[in-house]
């Protein structure tokens, strides 16, 4: 939990910095009456990504009372109960499996002779 709180603090600072920079950049372009939409879009996308990650960390912290369910097998990021995909790397968290009862309930005629 301490690691998540630290990550939240770092991300919150990063989102604030990116927001400040995007506002300043927009202001500078406005006073010069020369907009570079590609630059603004790139900076806005960077801010959006950081903000989305911050929102996910905050969601994980908010559901901490329900407990953290585990860690991603690919990147090690913690995830909450019921998460289908890792918030950090996008890897699937749920494994597909067949209940053993299905295998046991097959008729013996289908299993073949001597099995």
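The values are calculated or read from the model by the stated rules, or taken from the named source; none is laboratory data. Small disclaimer: the values here were computed from a predicted structure and weren't measured. All Cβ positions, even for glycine, are placed from backbone atoms using ideal geometry, and neighbour counts span all protein chains on display.
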Odd one out for residue 21 among (1) in contact (Cβ under 8 Å) with a residue 12 or more places away in the chain; (2) surrounded by 12 or more Cβ atoms within 10 Å (Cβ to Cβ); (3) under 26 Å from residue 93 (Cα atoms)
(3)
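Residue-wise test of (1) modelled with pLDDT under 95; (2) closer than 27 Å to residue 77 by Cβ; (3) in contact with a strand residue (DSSP E or B) (Cβ under 9 Å, 6 or more places away or on another chain).
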position	(1), (2), (3)
15	no, yes, no
20	no, no, no
24	no, no, no
56	yes, yes, no
59	yes, yes, yes
Which of the numbered conditions does residue 115 fail, given that it passes all the others? Conditions: (1) in a helix (DSSP H, G or I); (2) modelled with pLDDT under 75.
(1)
Based on what the data block shows, is residue 63 surrounded by 14 or more Cβ atoms within 10 Å (Cβ to Cβ), without any contact (Cβ under 8 Å) to a residue 24 or more places away in the chain and in contact with a strand residue (DSSP E or B) (Cβ under 7 Å, 6 or more places away or on another chain)?
yes
Which condition number in (1) out of contact with any strand residue (DSSP E or B) (no Cβ under 7 Å at 6 or more places or on another chain); (2) modelled with pLDDT of 60 or more; (3) part of a helix (DSSP H, G or I) is the one that residue 103 fails?
(2)
Kindly indicate the residue of the range 80-100 that is at pLDDT 75 or above and outside any loop (DSSP other than H, G, I, E, B) and also farthest from the chain's Cα centre (by Cα) among those meeting that condition.
92
